[in-house]
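S.K.: One structure follows; several queries about it will come next.
No lab work stands behind these numbers, since they all come straight from the coordinates. Everything numeric in this text was worked out from a predicted model, so none of it was measured. Because the Cβ atoms are built from the backbone with ideal geometry, glycine has one as well, and the counts that use them run over all protein chains shown.
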Ligand code: AMP
């Protein structure tokens, strides 16, 4: 069922609750990267231009102690938001109470108010993260409509997303809408051929994703550390490469079920140590007993490039090697480049490390969509229902 978008709402004169994802990296009280605040601007500006009153909120970090509160106040975020919007943002350092309610009542059309970190409510019995029904109802009572623009927490049912949406008309903001259109679109109704590329450290983290995409995609290319558990299942020697012994049988049954749909590396960059300075070489087939696979090799890059030719939809999650070390980053870099240059395809990067790699390489504008949520995008790719999205009002 299609979900309401912020464009479907009547916003003029309305108090619009906006759940943003302002979980920005902070160091000593300073924001070190404001990408997430910038990313929230289109939704907020749209509401303001339509004559709405914005009440914006977010979580920031995890709150387990009083000291966590001091480190994770949203005040610096409200200041940066104000700079970026070029207008005042009233900050209320509370998550409930009279000061907040009065400030909301005083808001005029086109004005912005931000209240404090929603997870401050976790200190007293996990009210936010446990989706306390009274809290969701209370926050909902502060506004007329609710816009959820935080994809990063969409896989969790919290008071600030599901709780509010259960009590008031709600809609997806532009960021969440884009995730629904691209990731939801690829999983539910992809233009074919649909090729999925999976990498990263562990098979165990991505079993659900591999299983779902093996059903949905026309090809599934596997690289990264997880490939070696599949090699083991094929009876190959993998030396000291990453191995999940207890997942070898599962990898074997996936291989059997998938047939030639599942494509594994044909060569690997190996070294003796998990160290950027450890001398490396490319080997095909078996990996020598004292070596570990740390990246896909050049023949695999060519093979993956061939498999991607003509693809109309591509989803990528997980690096092809230990891309944090420059000598083992080539597979991930080349794959980014191949996808960036792929013509006529919708290219989607799941959040997390592959998104970081694409951004570091400066290819972000060459992809159709780079997801803003690591965990949420994985669960979406697994075909799971995301409570943060399913709780949004149907169109
Ligand atoms: P994930 O969070 O599951 O996507 O895994 C990302 C991590 O997998 C990165 O930190 C990579 O360094 C790591 N990784 C990728 N390939 C390998 C490999 N061949 N051996 C060990 N770690 C790897």
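S.K.: Just from the alpha-carbon atoms, what are the Rg and Dmax of region 255-297 in angstroms?
M.R.: Both quantities, over Cα of region 255-297: 12.6, 39 Å.
S.K.: Quick one: if the Förster radius is 45 Å, what FRET efficiency do residue 395 and residue 282 give, using the C-beta to C-beta distance and rounding to 0.05?
M.R.: Values: r = 52 Å, r/R0 = 1.16.
Efficiency computed from Cβ-Cβ geometry: 0.30.
S.K.: Shape of region 282-395 from its Cα gyration tensor (a ≥ b ≥ c, root eigenvalues): rounded if a/c is under 1.5, otherwise prolate when a/b > b/c, or oblate?
M.R.: On the way: a/c = 2.16, a/b = 1.70, b/c = 1.27.
Prolate, since a/c reaches 1.5 and a/b exceeds b/c.
S.K.: Can you give me the P(r) profile for region 62-187? Cα pairs, bins 5 angstrom wide beginning at 0, each as a whole percent.
M.R.: 2, 10, 16, 21, 24, 16, 8, 3, 1, 0
S.K.: Sorting 46, 228, 138, 380 on the 10 Å Cβ count, fewest up front, what's the list?
M.R.: Details: 46 16, 228 25, 138 21, 380 28.
Fewest-to-most ranking of 46, 228, 138, 380: 46, 138, 228, 380.
S.K.: Sort the following peptides by mean Cβ neighbour count (other Cβ atoms within 10 Å, averaged over residues), highest first: 194-201, 367-374.
M.R.: Working: 194-201: 25.0, 367-374: 21.5.
Result, highest mean Cβ count within 10 Å first: 194-201, 367-374.
S.K.: Using a Gaussian network model on the chain with a 10 Å cutoff between Cα atoms, which of 224, 259, 208 fluctuates the most?
M.R.: Among 224, 259, 208, the largest GNM mean-square fluctuation belongs to 259.
S.K.: Taking Cα pairs under 8 Å and at least six residues apart, what relative contact order does region 319-391 come out at, in percent? Working shown, then result.
M.R.: Values: 73 pairs, mean separation 18.9, N = 73.
Once divided by the residue count of region 319-391, the mean separation gives 26 percent.
S.K.: Ranked by Cβ crowding within 10 angstrom, fewest neighbours first, how are 363, 146 ordered?
M.R.: With the fewest neighbours first, 363, 146 line up as 363, 146.
S.K.: With springs only between Cα atoms under 10 Å, which of 226, 26, 114 fluctuates most in a Gaussian network model of the chain?
M.R.: Highest fluctuation of the listed residues: 26.
S.K.: Cα gyration tensor of region 74-119, axes a ≥ b ≥ c as square roots of the eigenvalues: rounded (a/c below 1.5), prolate (a/b > b/c) or oblate? All intermediate terms of the calculation are to be shown ahead of the outcome.
M.R.: Details: a/c = 2.98, a/b = 1.20, b/c = 2.49.
Judged from the Cα gyration tensor, region 74-119 comes out oblate (a/c at least 1.5, b/c at or above a/b).
S.K.: Compare 109, 33, 117 in a GNM of the chain, Cα atoms joined below 10 Å, and give the one with the largest fluctuation.
M.R.: 33
S.K.: Can you sort 179, 343 by how many other beta carbons sit within 10 Å, fewest first?
M.R.: Numbers: 179 25, 343 5.
Least to most surrounded, the residues fall as 343, 179.
S.K.: Mean residue ellipticity at 222 nm from the helices of the chain, using -39,500 (n - 2.57) per DSSP H segment of n ≥ 4 over the full residue count, to the nearest 500 deg cm²/dmol? List each step's numbers first, then the result.
M.R.: Working: 15 runs with 131 residues, N = 395.
It lands at -9000 deg cm²/dmol.
S.K.: Something else about it: How large is Rg over Rh for region 199-329, taking Rg from the Cα atoms and Rh as the Kirkwood inverse mean of 1/r across Cα pairs? Display every interim value, and only then the final one.
M.R.: Working: Rg = 14.0 Å, Rh = 14.8 Å.
Over the Cα atoms of region 199-329, Rg/Rh equals 0.95.
S.K.: May I ask for the percentage of alpha-carbon pairs in region 130-234 that lie more than 22 Å from each other? Can you show the working numbers first?
M.R.: Numbers: 2768 of 5460 pairs.
So the portion of pairs separated by more than 22 Å is 51 percent.
S.K.: Right, here's the next one. Fully extended, how many nm does the chain gain between residue 87 and residue 246 (0.36 nm per residue separation, minus their Cα-Cα distance)? Could the numbers behind the result be given before it?
M.R.: Working: separation 159, 0.36 × 159 = 57.24 nm, distance 5.58 nm.
Taking 0.36 nm per residue and subtracting the Cα distance, the gain is 51.7 nm.
S.K.: For region 13-64, what's the radius of gyration and Dmax over Cα atoms, in angstrom?
M.R.: Considering region 13-64 through its Cα atoms, Rg and Dmax are 12.9, 39 Å.
S.K.: What's the center-to-center distance, using Cα atoms, between region 162-201 and region 116-144 in Å?
M.R.: 25
S.K.: Region 290-344: percent of C-alpha pairs farther apart than 16 Å?
M.R.: Working: 618 of 1485 pairs.
Result for the distance tail: 42 percent.
S.K.: Hey, what's the per residue convex hull volume over the C-alpha atoms of the chain, in cubic angstrom? It would help to have the intermediate numbers written out before the result.
M.R.: Values: hull volume 57.9 nm³, N = 395.
So the per-residue hull volume is 147 Å³.
S.K.: What Rg and what Dmax come out for region 355-395 when only alpha-carbon atoms are used, in angstroms?
M.R.: Both quantities, over Cα of region 355-395: 13.3, 38 Å.
S.K.: Region 45-102: Rg/Rh from Cα coordinates, Kirkwood Rh?
M.R.: Working: Rg = 13.2 Å, Rh = 13.1 Å.
Rg/Rh for region 45-102 comes to 1.01.
S.K.: Let me ask something else. Just report the Cα centroid separation between region 294-324 and region 52-69, whole Å.
M.R.: Measuring centre to centre over Cα atoms gives 38 Å.
S.K.: Counting only C-alpha contacts under 8 Å and six or more residues apart, can you give the relative contact order of the chain as a whole percent?
M.R.: Answer for the chain is 17 percent.
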